[in-house]
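Reviewing the structure listed below.
The values are calculated or read from the model by the stated rules, or taken from the named source; none is laboratory data. The structure presented is a predicted model; accordingly, all values stated were derived computationally and were not measured. FYI the Cβ positions are ideal-geometry reconstructions off the backbone, even for glycines, and counts take in every protein chain you see. With ligands, DNA and RNA removed, areas are computed over all heavy atoms of the protein, side chains included. Shrake-Rupley method; radii C 1.70, N 1.55, O 1.52, S 1.80 Å.
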Amino acid sequence: MADADEPVKALARTEQRSLAELGERAPDAYESEYMKGEGVTLYRDKSRAPWQLHALLGGSTAMVFAAAFLAGEAMLPMLAMVPVGLLVWLLFSVLRVSVSEGHVNVQYGLFGPKIPIPAIESAEATTYDWKRFGGWGIKRSLDGAWIYNMPGDGGRAVKIVWRNAKGKRKVTYVGSLQSEDLAAQIARARELRGALPAGAENRALGPGSDSSSD
């Protein structure tokens with residue numbers, strides 16, 4: 001008689017093999033604390049803002065300092081803008097995505113959805129036109145689709161169709177140079193989730209969740 005726990009054990013054995021096959025790195029401190037995932041981690045990626053964006057934000061900060069210096073007594077209100085600028089710089093300098101057997105976790109700075117694997121209807125590598133979303137960052141198109149993208153991804157992304165906790169269909173694009181690998185690992189997570197015996201790791205079996213209320 002087969003061991004009832006074998007599918008769960010197979011999931012555990014899969015993690016190290018999957019990471020080795022993909023050349024995956026170890027999680028950084030932020031990912032270890034806030035993007036632990038659930039169960040097996042199949043994929044992990046981190047995209048950094050290109051130097052042009054850093055130059056733009058850095059130049060803007062330098063201009064604020066210069067204007068504050070020239071303004072003399074009026075400099076304090078202008079300097080108050082600097083922490084806001086630095087926060088924006090921090091939030092939009094890194095796009096992280098991870099796939100575990102429980103969730104697809106997307107974080108652009110501190111923002112992004114944590115999509116339960118069972119809530120996903122489809123995930124496919126695709127290309128997008130940045131003009132449809134009005135640029136880069138966290139954007140929403142006129143038809144209600146969200147995108148989390150970074151300049152320099154070449155218009156490559158994974159389109160995830162899923163349902164939130166209210167049963168509403170959502171469409172989320174995740175920009176990625178490794179869009180084919182990301183889509184493949186989401187498919188793999190869905191297969192692994194289907195292999196779990198009844199009652200195993202039910203914490204990820206809810207109807208879905210999203211950072212937006214609609």
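How much of the accessible area of region 83-190, probe 1.4 Å, is carbon plus sulfur, in whole percent? Please report the intermediate quantities before stating the final value.
Numbers: 2690 of 4670 Å².
It is 58 percent, rounded to a whole number.
Nearest 0.05, what FRET efficiency do residue 191 and residue 46 give at R0 = 30 Å with Cβ-Cβ as r?
On the way: r = 25 Å, r/R0 = 0.83.
The computed FRET efficiency comes out at 0.75.
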query = Given 0.36 nm per residue, what is the gain on full extension from residue 111 to residue 94 after removing their alpha carbon distance, in nm?
reply = 5.0 nm
note = Around residue 175 (Cβ within 9 Å, Cβ-to-Cβ, excluding residue 175; K/R +1, D/E -1) the net charge comes to 0
Inter-label distance for residue 180 and residue 126, nm, one decimal - labels placed 7 Å from Cα along Cα-to-Cβ = 1.9
ask   = Given region 112-199, what whole percent of its Cα pairs are spread farther than 17 Å?
value = 49
request  = Give me the distance in nm between label points sitting 7 Å out from Cα along the Cα-to-Cβ direction at residue 165 and residue 140, one decimal.
outcome  = 1.8
